[in-house]
1. What does the highest-first list of 150-157, 76-83, 206-213 look like by mean Cβ count within 10 Å?
2. Report the full-extension gain for the segment THR50 to ILE149: residue separation times 0.36 nm, less the Cα-Cα distance, to one decimal in nm.
3. Could you tell me what percent of the DSSP beta bridges with both partners in the chain are antiparallel, to the nearest 5?
4. I need the shape label for segment 135-229. Rule: rounded when a/c is under 1.5, else prolate if a/b > b/c, else oblate, with a, b, c from the alpha carbon gyration tensor.
5. Helix-only mean residue ellipticity at 222 nm, the chain, DSSP H runs n ≥ 4 weighted -39,500 (n - 2.57), per residue, nearest 500. What is it?
6. Beyond 31 Å between alpha-carbons counts as too far, so tell me which of LYS65/LYS154; LYS65/LYS238; LYS106/LYS215; LYS147/LYS255; LYS65/LYS176; LYS176/LYS219 fall in that bin.
7. Calculate, in nm to one decimal, what ALA278 and THR172 gain on full extension: separation in residues at 0.36 nm each, minus their alpha carbon distance.
8. Run the simple label-point estimate for ASP66 and ARG84 please: 7 Å along Cα→C-beta, distance reported in nm.
Amino acid sequence: MHRALCATILIATASFAATVATSAQTPTEQRGTMTTLSPDVVKELAPTGTLRAAINLGNSVLAQKDANGEIKGVTADLARELARRAGVPPELVPFEAAGKVFEALKTGAWDIAFLAIEPVRAAEIHFTPPYVLIEGTYMVRVDSPLKVIDDVDKPGVRIAVGKGSAYDLYLTRTIKNATLVRAATGGGRAMIDLFFDQNLEVAAGVKQPLVAYAKTDPKVRVMDGRFMEIRQAMGTPKGRAAAAAYLRTFIEEMKASGFVADALKRSNQPDAAVAPPATN
């Protein structure tokens, strides 16, 4: 009788400890238990045994380096969470611009990437629905006669863009009268440098970095409004259908759970909007 009672107490104690341990898990840990990745998905996501995630450091809304050189931001957080779920180590592969990420697709340098959805890219990449929405806009000199977005597409107006960027691809399709002048590097402040170096009329880019620069230079201003909505998504190379299907589910869960919003907040990007749930 005494032994049976002791055994019962031990079982009850173990059960209580397990319950406490589960309740003490972080939200990220609990999310990880909700999804089981099949071997086929893991093989497509990480065929080398490591999840190689292309990170575009040219877009400061999505990725940043801290003082120690560690890559931070929403894209890094998403890549690490995905690798944790797949049970493989993450490898963050940094690039200076989105155009460089797309070029590296040909060499098989990455397994997942974080890029804006564009038709040229979608021909070779399976994209998820967007997880973040940001804006493309224009910066001009303070005394520029160009006042609003619609003023820019006029003959004689030269627009500095980063080669291969989302806004380069978009403006290439839509600009009818102005001229695009491409910086060799698509990321960072390359288009701002080009704007000044060649005395161009307009610099196009992601709103947040342009606004941040304009706050440091009284000679320029950023136009109100936008010429495009930039839909940032995860992607994997065409031919990886199982991985692509899982990534759609993953990104929707990351939005709905608050993971994306929290990552943007941690990286001090309050102006970036979490994309709404996908409708198809």
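Every number here is computed from the coordinates shown, using simple stated rules; none is lab data. Worth saying up front: this structure is predicted, and the values here are computed from it rather than measured. When we count neighbours, we look across all protein chains shown, and the Cβ atoms used for this are built from the backbone with ideal geometry, even at glycine.
1. The peptides rank, most packed first, as 76-83, 206-213, 150-157.
2. Roughly 31.2 nm would be gained on extension.
3. Once the DSSP bridges in the chain are tallied, antiparallel ones form about 60 percent.
4. Taking the square roots of the gyration eigenvalues as a ≥ b ≥ c, segment 135-229 is rounded.
5. So the helix-based figure for the chain works out to -11000 deg cm²/dmol.
6. Working: LYS65/LYS154 38 Å; LYS65/LYS238 29 Å; LYS106/LYS215 39 Å; LYS147/LYS255 36 Å; LYS65/LYS176 38 Å; LYS176/LYS219 28 Å.
Those over the limit are LYS65/LYS154; LYS106/LYS215; LYS147/LYS255; LYS65/LYS176.
7. Separation in residues times 0.36 nm, less the Cα-Cα distance, equals 35.5 nm.
8. Result for the modelled spin labels: 1.5 nm.
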